[in-house]
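The values are calculated or read from the model by the stated rules, or taken from the named source; none is laboratory data. Keep in mind that this is a model prediction, so the values were computed, not measured. Glycine gets a Cβ as well: all are built from the backbone with ideal geometry, and neighbour counts include every protein chain shown.
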């Protein structure tokens, strides 16, 4: 059985004959291909461990290509999307590209143009998945912080001294020092400068404040 995480080109089109011919073309070019006759069917099979890209028609019964694109954007691990349609127009093309489509081609596009777009989409998927993995690794230690440590962290990042933090939180300085030690140990940093950089790189710093909404409490 093929590993589901193997980069795959997912074809979504209600035209069965076109699906068949496009599938043959892509497989001959060395791609793994999975076909679906409807967008809802594809979304029903979508999992976060899937790597690859999506090639979809624009006009389809039920959920159309634009609706599929919006649904993919909400997925845990969104796949790049490439439109291949006989019904494209300038407004649709512009909208699709603004929403992040890799390309918008006609069904009569030259073979090499299509294959080039697929390769770009797969390369983009690999880059985006690597970036998500990097962020997950950076963010993982924050889940070990307690609610009080997050409060202290937010004050530390603004440059406050221990006595100022203690006064703001209504606790003694010794408790602040203990929480600071816990923060530095759990996040494996040795200085406030390293701590600040880690928070920024992990994406938890927004408009000069610690954004705790994405951090699960220990």
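Within segment 204-211, is even one residue in a helix (DSSP H, G or I) and either surrounded by fewer than 16 Cβ atoms within 10 Å (Cβ to Cβ) or on the phi < 0 side of the Ramachandran plot (or both)? Before you say what the answer is, go through the steps one by one.
So in segment 204-211, the residues in a helix (DSSP H, G or I) come out as none.
No; the residues of segment 204-211 include none that is in a helix (DSSP H, G or I) and either surrounded by fewer than 16 Cβ atoms within 10 Å (Cβ to Cβ) or on the phi < 0 side of the Ramachandran plot (or both).
Residue check: is residue 171 over 19 Å from residue 140 (Cα atoms), without any contact (Cβ under 8 Å) to a residue 60 or more places away in the chain and part of a loop (DSSP other than H, G, I, E, B)? Outline the logic, then answer.
Values: over 19 Å from residue 140 (Cα atoms): yes; without any contact (Cβ under 8 Å) to a residue 60 or more places away in the chain: yes; part of a loop (DSSP other than H, G, I, E, B): yes.
So residue 171 passes the test.
Is it the case, given these coordinates, that residue 150 is loosely packed, with under 15 Cβ neighbours inside 10 Å, out of contact with any strand residue (DSSP E or B) (no Cβ under 7 Å at 6 or more places or on another chain) and touching a residue at least 60 places away in the same chain (Cβ under 8 Å)?
Values: loosely packed, with under 15 Cβ neighbours inside 10 Å: no; out of contact with any strand residue (DSSP E or B) (no Cβ under 7 Å at 6 or more places or on another chain): yes; touching a residue at least 60 places away in the same chain (Cβ under 8 Å): yes.
So residue 150 fails the test.
Residue under question is residue 33, and the condition is that it be touching a residue at least 12 places away in the same chain (Cβ under 8 Å), in the same structural domain as residue 18 (by TED's automatic domain parsing), buried (at least 18 other Cβ atoms within 10 Å of the Cβ) and more than 18 Å from the chain's Cα centre (by Cα); does it hold? So that I can check it myself, show each step before the final result.
Numbers: touching a residue at least 12 places away in the same chain (Cβ under 8 Å): yes; in the same structural domain as residue 18 (by TED's automatic domain parsing): yes; buried (at least 18 other Cβ atoms within 10 Å of the Cβ): yes; more than 18 Å from the chain's Cα centre (by Cα): yes.
Taking the combined requirement at face value, the residue satisfies it.
What about residue 116, is it in a helix (DSSP H, G or I), touching a helix residue (DSSP H, G or I) at 6+ places or on another chain (Cβ under 6 Å) and at pLDDT 95 or above? Give the derivation first.
On the way: in a helix (DSSP H, G or I): yes; touching a helix residue (DSSP H, G or I) at 6+ places or on another chain (Cβ under 6 Å): no; at pLDDT 95 or above: yes.
No; evaluated as a whole, the condition is false for this residue.
For segment 155-170, state whether one or more residues are surrounded by 18 or more Cβ atoms within 10 Å (Cβ to Cβ), closer than 30 Å to residue 27 by Cα and touching a helix residue (DSSP H, G or I) at 6+ places or on another chain (Cβ under 9 Å).
Of segment 155-170, the ones surrounded by 18 or more Cβ atoms within 10 Å (Cβ to Cβ) are 155-157, 162, 165-166.
Remaining after also requiring closer than 30 Å to residue 27 by Cα: none.
Within segment 155-170, none of the residues are surrounded by 18 or more Cβ atoms within 10 Å (Cβ to Cβ), closer than 30 Å to residue 27 by Cα and touching a helix residue (DSSP H, G or I) at 6+ places or on another chain (Cβ under 9 Å).
With surrounded by fewer than 19 Cβ atoms within 10 Å (Cβ to Cβ) and either over 24 Å from residue 41 (Cα atoms) or in contact with a helix residue (DSSP H, G or I) (Cβ under 9 Å, 6 or more places away or on another chain) (or both) as the only criterion, which of 61, 91 stands out? Spell out how you get there, then give the answer.
Details: 61 fails: either over 24 Å from residue 41 (Cα atoms) or in contact with a helix residue (DSSP H, G or I) (Cβ under 9 Å, 6 or more places away or on another chain) (or both).
Residue meeting the stated conditions: 91.
Does residue 99 satisfy being surrounded by 16 or more Cβ atoms within 10 Å (Cβ to Cβ) and either assigned by TED's automatic domain parsing to the domain that holds residue 18 or modelled with pLDDT under 95 (or both)? Spell out the reasoning first.
Details: surrounded by 16 or more Cβ atoms within 10 Å (Cβ to Cβ): no; either assigned by TED's automatic domain parsing to the domain that holds residue 18 or modelled with pLDDT under 95 (or both): yes.
No: the conditions fail for residue 99.
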